[in-house]
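Visitor: This structure is in structure tokens; I'll ask about it shortly.
The values are calculated or read from the model by the stated rules, or taken from the named source; none is laboratory data. Note that this is a predicted model, so its numbers are computed, not measured. In this analysis, Cβ positions are derived from the backbone assuming ideal geometry, glycine residues included, and neighbour counts consider all displayed protein chains. The accessibility values were calculated without ligands, DNA or RNA, using every heavy atom of the protein model including side chains. Shrake-Rupley method; radii C 1.70, N 1.55, O 1.52, S 1.80 Å.
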Amino acid sequence: MSTFTVVTQQHPDRAVITVCGEMDLETCPELAQAASVIALDSKPLYLDLSGVSFMDSSGLNVLLLLHQRLQGEGSRLALTGLQPHVVRLLQVTGTYALFSADIPTVVGADAALTV
């Protein structure tokens with residue numbers, strides 16, 4: 001079993017959650033908990049997925065719930081560091097377009113997809 005870590009950071013213009021490991025049914029509650037307690041104050045949330053080695057439908061569900069929550073709060077979700085298997089999951093499920101509405105130019109947000 002691989003190690004799963006979630007690290008949160010607050011910046012003046014955004015919040016960042018960095019995820020490493022497998023995003024699946026067992027680990028996604030930890031990510032959901034971290035996202036639910038991070039203070040956004042209308043700042044975008046950057047979710048760095050560059051360390052994600054696997055993501056299933058549970059991970060996709062967390063992304064969709066985060067998108068819905070942030071949209072309701074007048075904020076946005078930016079996905080960064082997408083690995084090919086995550087891009088493929090988003091494409092196969094028809095959600096890639098949802099997460100690729102805009103690509104921001106924020107320092108430290110290479111190849112970000114935003115909603």
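Visitor: Could you count how many residues in segment 81-99 are open to solvent by less than 40 Å² (accessible area, probe 1.4 Å) and modelled with pLDDT under 90?
Guide: Adding up the residues that qualify gives 1.
Visitor: Only one of Asp41, Asp24 is acidic (Asp, Glu), over 11 Å from the mean Cα position of the chain (by Cα), surrounded by 14 or more Cβ atoms within 10 Å (Cβ to Cβ) and farther than 23 Å from Ala97 by Cβ. Can you tell me which?
Guide: Asp24
Visitor: If a residue has to be within 14 Å of Thr80 (Cβ to Cβ) and either touching a Lys or Arg at 6+ places or on another chain (Cβ under 8 Å) or not charged (D, E, K, R) (or both) to count, how many in segment 1-49 make the cut?
Guide: 15
Visitor: Inside segment 7-21, can you point out the residues that are under 21 Å from Leu90 (Cα atoms) and open to solvent by 20 Å² or more (accessible area, probe 1.4 Å)?
Guide: Thr18, Cys20
One line per residue, one yes/no per condition, for (1) open to solvent by less than 20 Å² (accessible area, probe 1.4 Å); (2) under 25 Å from Ala97 (Cα atoms); (3) not small (Gly, Ala, Ser):
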position: Val37; (1), (2), (3): no, no, yes
position: Asp48; (1), (2), (3): no, yes, yes
position: Ser57; (1), (2), (3): no, yes, no
position: Leu63; (1), (2), (3): yes, yes, yes
position: Glu73; (1), (2), (3): no, yes, yes
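Visitor: Out of the residues in segment 1-52 meeting the condition of being among the acidic types (Asp, Glu) and part of a loop (DSSP other than H, G, I, E, B), tell me which one is farthest from Leu64 (Cα to Cα).
Guide: Ranking the qualifying residues of segment 1-52, first place goes to Asp13.
Visitor: Residues that are closer than 23 Å to Asp13 by Cα and part of a loop (DSSP other than H, G, I, E, B): does segment 62-72 have at least one?
Guide: No; the residues of segment 62-72 include none that is closer than 23 Å to Asp13 by Cα and part of a loop (DSSP other than H, G, I, E, B).
Visitor: Continuing with this model, one more query. Return the pairs, sorted by first residue and then second, in which the second residue is of a type outside the set (A, V, I, L, M) and crowded, with 20+ Cβ neighbours inside 10 Å, the first residue lies in segment 60-84 and is touching a residue at least 60 places away in the same chain (Cβ under 8 Å) and over 12 Å from Leu47 (Cβ atoms), the beta carbons are less than 8 Å apart, and the residues are 6+ apart or on different chains.
Guide: The qualifying pairs do not exist here.
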